[in-house]
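Novice: Below is the structure I would like to discuss, written out as structure tokens.
The values are calculated or read from the model by the stated rules, or taken from the named source; none is laboratory data. Because the structure is predicted, anything quoted here is derived from the model rather than measured. Ideal geometry is used to build each Cβ from the backbone, glycine not excepted, and the neighbour counts take in all protein chains shown.
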Amino acid sequence: MRIALFLECLPNSGGGFQQALSTVESLARRSATKHEFLVFTPFEETRQLLLKEGIEAICYSRRVVRLMDRWSATMVGNAVLRRLRRLGLRRLGRHLDALLDDHGVDLVLLTGIGEGALRIGDHPFIVTVWDLDHRDHPEFPDAYADRGFERRERLLGITLTRALAVITNSPSYSHQISSLYHVAPDRIIELPFLPCLAVRRHAAGGGLATAEGVCRKYDLPNHYIFYPAYFSYHKNHLYLLEALVELERRHGIVLHAVFCGGGDAGDQTNVERQVQALGLTTRVHFLGLVPDEDIPALYEGALALVMPAYFASTNLPPLEAVTLGCSVIYSDLPGCREQMGDAALYCDLADATSLAEQLAALIQDVALVDRLRSAGCRLATQIEKIDYGERLAPVFENYDYVRRRWAWPETPR
């Protein structure tokens, strides 16, 4: 079979892009399956990055034709466009399907929940859902602003029930998807997150940046905590700032924090204002978007990765940190404990002193650091053995068999 892999996000869109890239790289370049994979993206910038990774991709349009494709999914739109297609305009309202036909695609794998699922009408697909943040914490503006909750529910409701299979990253999300969206458990595949490519290459000895080098480059102190995340309310940067104040007040420990990542400028401005209000201006460093190759060295130079986020109770940074021997302090949420087990310390998001105490323990207890490092090393070893191609092969093979009921290939692929 020919399987299309869709990467529908830009390189600067954070962990979502990095995980999608890992999925594409795992399947398109070194898959354990016998099938042929083609990569599709709506962004030229993404196509160029894939080329640097040695992966060719087909760039498709997101302009006016996407609206026609989506209109075709409505009863009125389909009725109108179906009649026009009978006049010879075969691509009208099915531009993405026609592109897939042009390339002989049999099955589509969407590496995220996006517009592609609403545009594809004539090809079966597998869809990936990495989080249900809007359901987990509907009280955050990030979940409901601009009718975001309703739009996401519509997208999930249509996409998950139609998908051939649904990929998610943990048992918790598997259960939620099954119960909330009535997806049969045997149609859900669990693929745990993988550290980003830059981290895995650095850990394998292929990195060029060093902790000393990035400290000089960004003018950082020798001891700092690291939080790579785009700026948004649910990322909870303000909680981390409160913990720095409590750490100094309770233990007399003065510690720096390093933030990197993009996001809405207004959200970062809110954090910067609070930094000033708490008198932390000289101790909080905003790096903005940094090159992927610098990220591993920033982990290695850190006292700990601190990630007190509410949304996405499974995340990439904790896995990246333990892969590089960096301690982790994580949100005390069920999904976070499920992901990291004893390879992390956990902070109570209702009390910033909880984080302050964990930071003090890391600084004062060498045995604790050694224990975390050992547990992290065991977890990293388990992660290294994960093969997406192997895990997805049964889904591909089952569909390849079933499709023979209507599409015996003349020459098996």
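Novice: Tell me which strands (runs of 3 or more DSSP E) are completely within the stretch 175-287 and hold 3 or more residues being within 22 Å of residue 332 (Cα to Cα), or say none if there are none. Step through it out loud before you land on a result.
Specialist: Details: elements: 188-190, 224-228, 256-260, 284-286.
Here the list reads 224-228, 256-260.
Novice: Being touching a residue at least 60 places away in the same chain (Cβ under 8 Å) and either among the hydroxyl-bearing types (Ser, Thr, Tyr) or exposed (fewer than 15 other Cβ atoms within 10 Å of the Cβ) (or both) is the filter here; which residues of the stretch 79-117 pass it? Even if it seems obvious, please write down each step before you answer.
Specialist: First pass over the stretch 79-117, keeping only residues touching a residue at least 60 places away in the same chain (Cβ under 8 Å): 100, 103-112, 114-116.
Correct list: 103, 104, 111.
Novice: Looking at the structure I just gave you, is residue 223 touching a strand residue (DSSP E or B) at 6+ places or on another chain (Cβ under 8 Å), surrounded by 20 or more Cβ atoms within 10 Å (Cβ to Cβ), in the same structural domain as residue 304 (by TED's automatic domain parsing) and more than 30 Å from residue 127 (Cα to Cα)? Quick ask: steps written out before the conclusion?
Specialist: Details: touching a strand residue (DSSP E or B) at 6+ places or on another chain (Cβ under 8 Å): yes; surrounded by 20 or more Cβ atoms within 10 Å (Cβ to Cβ): no; in the same structural domain as residue 304 (by TED's automatic domain parsing): yes; more than 30 Å from residue 127 (Cα to Cα): yes.
It is false that residue 223 is touching a strand residue (DSSP E or B) at 6+ places or on another chain (Cβ under 8 Å), surrounded by 20 or more Cβ atoms within 10 Å (Cβ to Cβ), in the same structural domain as residue 304 (by TED's automatic domain parsing) and more than 30 Å from residue 127 (Cα to Cα).
Novice: Continuing with this model, one more query. Mind listing whichever residues of the stretch 8-40 are among the small types (Gly, Ala, Ser) and part of a helix (DSSP H, G or I)? First the steps, then the outcome.
Specialist: Going through the stretch 8-40, the residues among the small types (Gly, Ala, Ser) turn out to be 13-16, 20, 22, 26, 28, 31-32.
Those that are among the small types (Gly, Ala, Ser) and part of a helix (DSSP H, G or I): 15, 16, 20, 22, 26, 28.
Novice: Out of all the residues in the stretch 71-91, is one or more within 24 Å of residue 401 (Cβ to Cβ) and not acidic (Asp, Glu)? Steps first, please.
Specialist: Step one: list which residues in the stretch 71-91 are within 24 Å of residue 401 (Cβ to Cβ), which gives none.
No: zero hits.
Novice: Residues 403, 337: which one is out of contact with any Cys (no Cβ under 9 Å at 6 or more places or on another chain) and either without any contact (Cβ under 8 Å) to a residue 40 or more places away in the chain or farther than 30 Å from residue 4 by Cα (or both)?
Specialist: Going through 403, 337 in turn, just one is out of contact with any Cys (no Cβ under 9 Å at 6 or more places or on another chain) and either without any contact (Cβ under 8 Å) to a residue 40 or more places away in the chain or farther than 30 Å from residue 4 by Cα (or both): 337.
Novice: Restricting attention to the stretch 161-174, which residues are over 18 Å from the mean Cα position of the chain (by Cα) and either among the polar types (S, T, N, Q) or assigned to a helix (DSSP H, G or I) (or both)? Write out each step before concluding.
Specialist: Residues of the stretch 161-174 over 18 Å from the mean Cα position of the chain (by Cα): 161-165.
Result: 161, 162.
The rows are residues; the columns are (1) assigned to a helix (DSSP H, G or I); (2) not aliphatic (A, V, I, L, M).
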position: 311; (1), (2): no, yes
position: 322; (1), (2): yes, no
position: 346; (1), (2): no, yes
position: 354; (1), (2): yes, yes
position: 358; (1), (2): yes, yes
position: 370; (1), (2): yes, yes
position: 374; (1), (2): yes, yes
position: 377; (1), (2): yes, yes
position: 380; (1), (2): yes, no
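Novice: Follow-up question, since we're still on this one. Please list, ordered by first then second residue, the pairs with beta carbon atoms under 7 Å, 6 or more apart or interchain, first in the stretch 229-241 and at positive phi, second hydrophobic (A, V, I, L, M, F, W, C) and surrounded by 19 or more Cβ atoms within 10 Å (Cβ to Cβ).
Specialist: What qualifies is 236/309.
Novice: Consider the stretch 69-78. How many of its residues are surrounded by 11 or more Cβ atoms within 10 Å (Cβ to Cβ) and more than 34 Å from the chain's Cα centre (by Cα)?
Specialist: 0
Novice: Where the second residue is assigned to a helix (DSSP H, G or I) and the first is of a type in the set (D, E, K, R) and lies in the stretch 262-282, which pairs have Cβ atoms under 8 Å and are six or more apart or on separate chains?
Specialist: 267/233
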